[in-house]
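Right, one structure below, let's go through it.
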Amino acid sequence: ILGEIKDQRYKIIDGDFIVYAPKMFEEIIELDGMSKQMSNSLDLKKNLRRIKEAGITDGGKSGEFFFFSMDNKLIIKTVTDSEFNILLRILPQYTQHFRDNPNSLIAKIYGAFTFTREAPYEKYNLILMKNINGYTSKCVERKYDLKGSTVARNVLKGNETYTLAELKTKGTLKDLDFNKYEERVWIDNLLKKEILEILRKDVSFLRA
């Protein structure tokens with residue numbers, strides 16, 4: 001991999017890269033059936049275009065960095081120290097929850113890392129996680145970032161109304177946009193009972 005990086009003339013930055021709890025995260029990857037997919041999703045040559053475009057995102061106001069793998073299966077994201085410490089603290093229970101509930105809808109995190117350098121000082125906490133969508137953009141008709149709030153949660157301004165086809169060009173929409181155009185999440189009646197039971201267990205875990 002280092003040879004490929006040098007061939008592309010990328011500068012390799014000196015610093016320390018810490019990998020946390022690799023065995024626990026490896027178990028989560030195996031429980032999720034992603035072991036064989038990982039190397040393909042993170043293949044350097046296949047991701048070169050995405051690497052060059054990294055940081056271009058409409059993913060929100062948090063200021064965090066997002067990187068989507070070329071097949072959209074994985075996300076690398078920076079997180080704050082407080083978020084990172086919470087993840088490491090609950091990691092044993094988090095892993096156990098997936099052992100007990102393989103169909104859990106909680107986001108699957110596959111790795112946690114910290115990169116630091118001394119001069120100039122920089123520190124980045126990184127998590128590698130499964131993209132809950134995981135499909136190419138051509139398969140996505142509309143995209144919403146939902147937080148369960150209505151305070152300043154709209155992208156579309158004014159009284160203009162769009163067709164559903166036009167919404168695809170409006171970027172990542174929010175809660176009030178969803179309420180206006182979608183109203184609800186439609187779930188097949190045969191799946192409702194199973195999904196509600198999964199959600200009940202997930203909420204119980206998060207509440208604990």
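The values are calculated or read from the model by the stated rules, or taken from the named source; none is laboratory data. Because the structure is predicted, anything quoted here is derived from the model rather than measured. A quick note on method: Cβ atoms are made from the backbone with ideal geometry, for glycine too, and the neighbour counts reach across all protein chains shown. Areas reflect the complete protein model, heavy atoms only, side chains present, ligands, DNA and RNA absent. Shrake-Rupley method; radii C 1.70, N 1.55, O 1.52, S 1.80 Å.
As a length-normalised measure over Cα pairs under 8 Å and 6 or more apart, the relative contact order of segment 70-152 settles at 43 percent.
Highest GNM mean-square fluctuation among I127, I187, I51, for the chain modelled with Cα contacts below 10 Å: I187. May I ask you to derive the relative contact order of segment 89-208, considering only C-alpha pairs under 8 Å and at least 6 residues apart, and to give it as an integer percent? In percent, rounded to a whole number, it is 24. Here the spin labels are modelled as points 7 Å beyond Cα on the Cα-Cβ line, and at A165 and Y121 they lie 5.6 nm apart. Measuring r between the beta carbons of I198 and D81 and using R0 = 35 Å, the FRET efficiency lands at 0.65.
Give me the one-decimal nm value for the distance between modelled label points at T150 and L176, 7 Å along each residue's Cα-to-Cβ direction. Spacing of the two 7 Å Cα→Cβ label points: 1.0 nm.
For the chain, the share of DSSP beta bridges that are antiparallel, to the nearest 5, is 90%. The Q96 and Y20 beta-carbon pair, evaluated with R₀ = 25 Å, returns a calculated FRET efficiency of approximately 0.90.
Over the chain, calculate the relative contact order: mean separation of alpha carbon pairs under 8 Å at least 6 apart, over the residue count, as a percent.
21 percent
If R0 is taken as 25 Å, the Cβ-Cβ distance between R142 and L191 corresponds to a FRET efficiency of 0.75.
Shape class for segment 91-167, computed from the alpha carbon gyration tensor (a ≥ b ≥ c): oblate, with a/c not under 1.5 and a/b at or below b/c. Length gained on full extension, R50 to E64, computed as 0.36 nm times the residue gap minus the Cα-Cα distance: 3.4 nm.
Look at the Cα gyration tensor of the chain: its axes a ≥ b ≥ c give a/c of at least 1.5 with a/b at or below b/c, and that counts as oblate. When the pairs K36/K170; K168/K192; K170/K193; K52/K201; K45/K157 are compared against a 31 Å limit on Cα-Cα distance, K36/K170; K170/K193; K52/K201; K45/K157 fall above it. Each helix, a run of at least 4 DSSP H residues, gives -39500 (n - 2.57); summed and divided by the residues of the chain, these come to -11000 deg cm²/dmol at 222 nm. Helices assigned as whole DSSP H runs in the chain whose Cα atoms extend at least 18 Å along their own long axis and whose mean Kyte-Doolittle hydropathy is -1.0 or higher are found at 81-100, 189-207. Residues E141, E53, E64, ordered by accessible area of protein heavy atoms at a 1.4 angstrom probe radius and largest first, appear as E141, E53, E64.
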